[in-house]
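So the structure is just underneath, and the comments pick up after that.
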Amino acid sequence: MSDKKYRHTRRDFIKTGLTGMAFTMVAPTIVPSRFLGKNAPSNRINIGQIGFGRIARSHDLPETMRHDDVQVMAVCDVDRKRMKDGKAYIENWYKENKGQRNPANVKMYEHYRDLVNDPEIDAVIISTPDHWHVQPAIEAALAGKDIYLQKPLSLTVEEGRVLSNVIHRTGRILQVGSQQRSMDPWPQFHRACELVRNGRIGEVKEVYVGFGADPQGDEQSPMEVPSNLNYDMWLGSTPEVYYTEKRVHPREGYGRPGWLRVEQFGAGMITGWGAHHIDTAHWGMGTEYSGPVEVEADATFPRKGIWDVHMGFRVTNKYANGVVMDISNMNDQGVKWVGADGWISVKRGPAKVTASDPGSSGGGDKSLDASNPKILNSKIGPNEAHLYRSDMEHHRNWLDSIKSRKQPVAPVEIGHRSCSACLISHIGMHLRRRLQFNPKKERFVNDDEANKLLARPQRYPYGIDYLDLGFASSFKESEKYPFMGPGK
């Protein structure tokens, strides 16, 4: 299918499906016919997997396929070898774990647009590199699909704002992969945030966030692009650069990919782990729909090699309520809130995302701790603040939300705000001066240089600049139609 035909199809869809939405905040919900009727909760959700890398095969797919009301029926990847691996992986998993001797023949798609336009697919999981998060999520929403989107939500603040606007105006369910919000397997995060919200340490004064940093790499010579990889599409909206294996992903196996350490495709650990821990910090602080008002940061960047994301770093973010957040690879791993009457800290324990991920400074393996053990045993009363409680695993919460049409525990706007705090911290690392930020307008104050970094140039024909959205297509429109919180 040619790009020209795709653009024509998208324009037709906008004309017929989104007429009049430019001035509405939330569009009428489009519910697939399979979820209608009194027996709807037992009906199967057909899912397509976009991107088959280490996170898809080790986390997203097994956590989704284990549920009986789900069928993963399609896989897409611009690397044909990985696409074929994905098909075999899904079919073998069903055979070995569900006893399906003749499982459905999993469809393969080289282009995600063919997958999201498949009428048999109800929802998609997007487990792609960071620079390929927002565009397929937007197009999936426009095609009427619900979405599980790996974190960080976006590559830029602009992309995140447009995606949030699109999700709210199409009425789709989007769950961000901020799984520390769900209680399986880490109930300590919900518990810590609820204690902080209910004043068990008094008024919060400071927050400390800690996670690891990436190392410097070596120079890499140009290599011939593998015949199985559509490298131009893999680069997407980012600039054209020569192919070398350590800039992309391993040709063999599913170890930690090199793109995670290249700024062209992401921001490094500030979004890689920051999207988790800053989200948790926001949850406890009650700033989920806002962000810092002042940013000051410093970081060391590599002087050689193709891996150019930040190494050691320190960020100081100030919030309108007076709280100061200190984010650094020198802090203990996890989140620590310090209040007028004590402190609470939380972490996953000694776990990393994968064995090949960078570590961080210690602080012991205690996943939940406090200045006084009595704080942790405190009971939250019926008239106190009770945070959204997702007792199940994160993907299950998403699936239940698809059926109920109620918001999941990590909805798009919360993911956008957490990611934005990471991204403006990253901008601070580069500019190395104090920046004032207006979280309502999502702009730096009187700083054109910083504001230019809220977006990135996009390489035609890839990127949201070249989508015919019909609404929310410009970053400036977010000032007219921002989504600032639940029900607003």
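The table that follows gives values for the structure above.
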item: Cβ-placed point charges (K, R +1; D, E -1), dipole of segment 67-220 about Cα centre in debye, nearest 20; result: 420
item: Within segment 203-273: Cβ-based charge dipole about Cα centre, in debye rounded to nearest 20 (Lys, Arg +1; Asp, Glu -1); result: 160
item: Residue 68-residue 389 pseudo-label distance in nm [points 7 Å out on the Cα-to-Cβ vector]; result: 2.6
item: Between segment 110-142 and segment 208-229, the Cα center-to-center distance that results, in Å; result: 25
item: Burial ordering of 112, 89, fewest other beta-carbon atoms within 10 Å first; result: 89, 112
item: Radius 14 Å from Cβ of residue 220, net charge of other residues (Lys, Arg +1; Asp, Glu -1); result: 0
item: DSSP-assigned coil residues among trypsin sites (Lys or Arg not before Pro) in segment 93-181, each with at most 12 further Cβ atoms within 10 Å; result: 101
item: Separation in nanometres of the label points that stand 7 Å from Cα toward Cβ, at residue 240 and residue 460; result: 1.3
item: In nm, spacing of pseudo-spin labels at residue 43 and residue 111 (7 Å Cα→C-beta vector); result: 3.0
item: Local net charge near residue 433, Cβ-Cβ under 12 Å (Lys/Arg +1, Asp/Glu -1); result: -3
item: Cleavage-rule hits (chymotrypsin sites (Phe, Trp or Tyr not before Pro)) in segment 213-251: DSSP loop, at most 14 neighbouring Cβ within 10 angstrom; result: 242
item: Centroid-to-centroid separation of segment 39-83 and segment 386-447 [C-alpha atoms, Å]; result: 24
item: 32 Å Cα-Cα threshold exceeded, pairs from 95/145; 81/403; 107/246; 246/440; 84/366; 95/403; result: 81/403; 246/440; 84/366
item: Per-residue Cβ neighbour rank within 10 angstrom, fewest leading, 422, 193; result: 193, 422
item: Residue order, fewest to most beta carbons within 10 Å, for 78, 412; result: 78, 412
item: Calculated FRET efficiency for the pair residue 377/residue 58, C-beta based, R₀ 30 Å, to 0.05; result: 0.25
item: Proximal charge balance of residue 153 [Cβ under 14 Å; K/R count +1, D/E count -1]; result: -3
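Read-outs throughout are calculated quantities, based only on the coordinates presented, and are distinct from any laboratory measurement. All figures in this text were calculated on a predicted structure; none of them were measured in a lab. Here Cβ is always computed from backbone atoms with ideal geometry, including for glycine, and neighbour counts include all displayed protein chains.
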